Amino acid sequence: MTSKNATDTHTRAVNLRVREDVRVLIDRAAKAHGKTRSDFMIDASRRAAEDALLDQTLVRVDPDSYKHYLAVLDQPPNSEGFERLMNAPKPWQP
């Protein structure tokens, strides 16, 4: 019986069916990054999987820290930096 670990270098096939327009788009993006279609899809899928799992991260804090966190969120912004940000020219406005 073989054990599986994070350093396992064996690969397995994954078959996907995609519309032609999606395949063309993926191929164009892969070429723009100097990658094969497979390498591009694997990298994009891995990043999406990591993001999905990181979005599920639960942070536990003690009750006092949580109350402090909520109090900070409830305070209106009032710093000089915030004022500068709100008064800065907007790129979408002429």
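For this structure, a couple of remarks:
- Angle in degrees between helix 20-32 and the longest Cα principal axis of the chain, rounded to the nearest 10: 80 degrees
- The equivalent ellipsoid that matches the C-alpha gyration tensor of the range 16-80 spans semi-axes of 43, 16, 10 angstrom, in descending order.
- Simple Cβ-charge dipole of the chain, Lys/Arg +1 and Asp/Glu -1, about Cα centre, in debye nearest 20: 640 debye
- Label-to-label distance for ASP27 and LEU73 is 4.7 nm, based on points extended 7 Å past Cα in the beta-carbon direction.
- C-alpha center-to-center spacing [the range 11-44, the range 76-94] in angstrom: 41 Å
- Applying a DSSP loop filter and a limit of 11 other Cβ atoms within 10 Å to the chymotrypsin sites (Phe, Trp or Tyr not before Pro) in the range 10-94 leaves TRP92.
- Ranked SER45, SER79, criterion: other C-beta atoms within 10 Å, fewest first: SER79, SER45
- Gain upon complete extension [ARG84, HIS10; 0.36 nm per residue less C-alpha separation]: 21.2 nm
Rule-based calculations on the coordinates, nothing more; no lab input. Note that the structure is predicted; figures quoted are calculated from it, not measured. Every residue, glycine among them, receives a Cβ derived from its backbone with ideal geometry; neighbour counts consider all protein chains shown.
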